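Encoded as structure tokens, the structure appears first; notes follow it.
What follows is calculated from the coordinates using simple rules that are stated; it is not laboratory data. Every value quoted in this text rests on a predicted model; they were computed, and no experiment measured them. Cβ sites come from the backbone with ideal geometry, for glycine too, and all protein chains shown count toward neighbours.
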Amino acid sequence: KVARAKMPMSLVQKFHGEHRNGDVGTLYDELAAHWAIVMFITGAYLWWPRGKRSLAKAVSLPKGRGRTWWRETHLFMGFLSVLLVVLILVTGLPWTNVWGGGLDAVQEATGQTATGQSSKSYRWGGGAPKSSAEEGKPIAYAEVVAIAQAEGLAAPWEMRPAKKGNGSYWIRSASTTRAEQGELVIDQYTGEVLARLSFADNPPVAKAVSYGISFHRGEAYGWLNVAQNTLAALLAFGLSVTGFVAWWMRRPSGQLGVPPAPEASLGAGMIALVIGLGLLFPLMGASLLAALALDWLIFKRLGWFQGTRIPAE
């Protein structure tokens, strides 16, 4: 026997969500997601056709050589990634500590109170009805499954036995179709259904989050969802590679410093956008303030990471 927490998929999920570093790892993942979304928003702005760059050219396959080809490839991949990757990033945010915690607060404030993964659940035993007695002979697991079948709970199932004498059986449908998911609380001695929760019982926000989780995990619409998310992952990897190569070719000769940047002032619209994004994605906003403070207090005084200024076009 192998403990569930040590099974390969459990280890992969734990690494995916926290790099096996607990809350610190979760915050790191969330920070990366926040900045990735901001980079996609600003990248889409840079990609948007303007001047002599037509829409047809913007969506056409990359052309040119050297840095021009890498830059055009980065823009093309970025255009496709905005359509595919951002959805995956956004639907993963409800799992996070800061943004997800904020969503929970919004749900409470708007009467959308829920538990678990933003859905009503007796999964962890909180508030679950107790069995009719404190001792006796529990019904067999097979009978619990038979009751679930009779109640129309879709297969496959996940079941947990009662932990105490007056505890109850808990069984849920683990169907990948969200609308079929539900759970039952069953008296461990009599087999009476003490409580039932269906997906339809969830408030609107919880339903939306649940559907988003289904998409994030590639379960929303079968193999096509899996293929779409796989393509998104490949595009994100390609975007990272092309962006790095384009920056490497543009960097100051013989240095690893900041590439030349045009002199430009922030307009009211851009300032409003930065503040709005900082509020919407708190970890990004906090890290941006920290970076600005470091730049102003230390880096400028030491001449680090300043690059060479060039006139705006």
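Listed values, structure above:
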{"read-out": "Estimated dipole of the stretch 1-95 in Debye, rounded to 20 [Cβ of Lys and Arg +1, of Asp and Glu -1, Cα centre]", "value": "520 debye"}
{"read-out": "Extension gain (nm, one decimal) between LEU55 and GLU158, 0.36 nm per residue minus Cα-Cα", "value": "32.0 nm"}
{"read-out": "Pairs of lysines in the chain (C-alpha under 23 Å apart; 8 or more residues apart or interchain)", "value": "13"}
{"read-out": "CD proxy at 222 nm, helix term only [per DSSP H run n ≥ 4: -39500 (n - 2.57); per residue of the chain; nearest 500]", "value": "-16500 deg cm²/dmol"}
{"read-out": "Against the rule of thumb 2.2 N^0.38 Å, how large the Cα Rg of the chain comes out", "value": "1.31"}
{"read-out": "For the stretch 42-166, with +1 on Lys and Arg beta carbons and -1 on Asp and Glu, the positive-most of GLN149, VAL98, LEU46 along the dipole", "value": "LEU46"}
{"read-out": "Near-label residues of the stretch 129-160 by backbone N, under 19 Å of a point 7 Å along Cα→Cβ of ARG196", "value": "129-132, 143-160"}
{"read-out": "With at most 13 neighbouring Cβ atoms within 10 Å, loop trypsin sites (Lys or Arg not before Pro) (DSSP) excluded, longest segment of the chain", "value": "165-313"}
{"read-out": "For the stretch 18-103, alpha-carbon Rg and Dmax in angstrom", "value": "16.5, 50"}
{"read-out": "C-alpha long axis of helix 98-109 to longest principal axis of the chain, angle in °", "value": "60 degrees"}
{"read-out": "Using alpha-carbon coordinates, inclination of helix 268-280 to the longest axis of the chain, degrees", "value": "30 degrees"}
{"read-out": "Alpha-carbon spread of the stretch 55-205, three principal axes, descending order, Å", "value": "79, 35, 24"}
{"read-out": "Charge dipole magnitude, Cβ of K and R +1, D and E -1 - the chain, Cα centre, debye nearest 20", "value": "1400 debye"}
{"read-out": "Estimated FRET transfer efficiency when R0 is 22 angstrom, pair LEU280-PHE79 (beta carbons, to 0.05)", "value": "0.45"}
{"read-out": "Hydrodynamic radius by Kirkwood, which averages 1/r over all alpha carbon pairs of the stretch 129-236, in angstrom", "value": "15.5 Å"}
{"read-out": "Nearest 10 degrees, 0 to 90: helix 222-250 Cα axis against the chain principal axis", "value": "30 degrees"}
{"read-out": "Rg/Rg_ref, the stretch 1-62, where Rg_ref = 2.2 N^0.38 Å and atoms are Cα", "value": "1.88"}
{"read-out": "Amide H within-cut-off set for ALA195, under 5 Å, with H built and near neighbours excluded", "value": "VAL185"}
{"read-out": "Rounded to whole Hz, the Karplus (6.51, -1.76, 1.60) HN-Hα couplings of the stretch 132-146, x for glycine and proline", "value": "6, 9, 9, 7, x, 9, x, 6, 6, 4, 4, 5, 4, 5, 4"}
{"read-out": "Antiparallel bridge percentage (DSSP; both residues within the chain; nearest 5)", "value": "90 percent"}
{"read-out": "Karplus 3J(HN,Hα) series, Hz, for the stretch 158-170 with 6.51 cos²θ - 1.76 cosθ + 1.60 (x for Gly, Pro)", "value": "10, 10, 10, x, 5, 8, 10, x, 9, x, 10, 6, 10"}
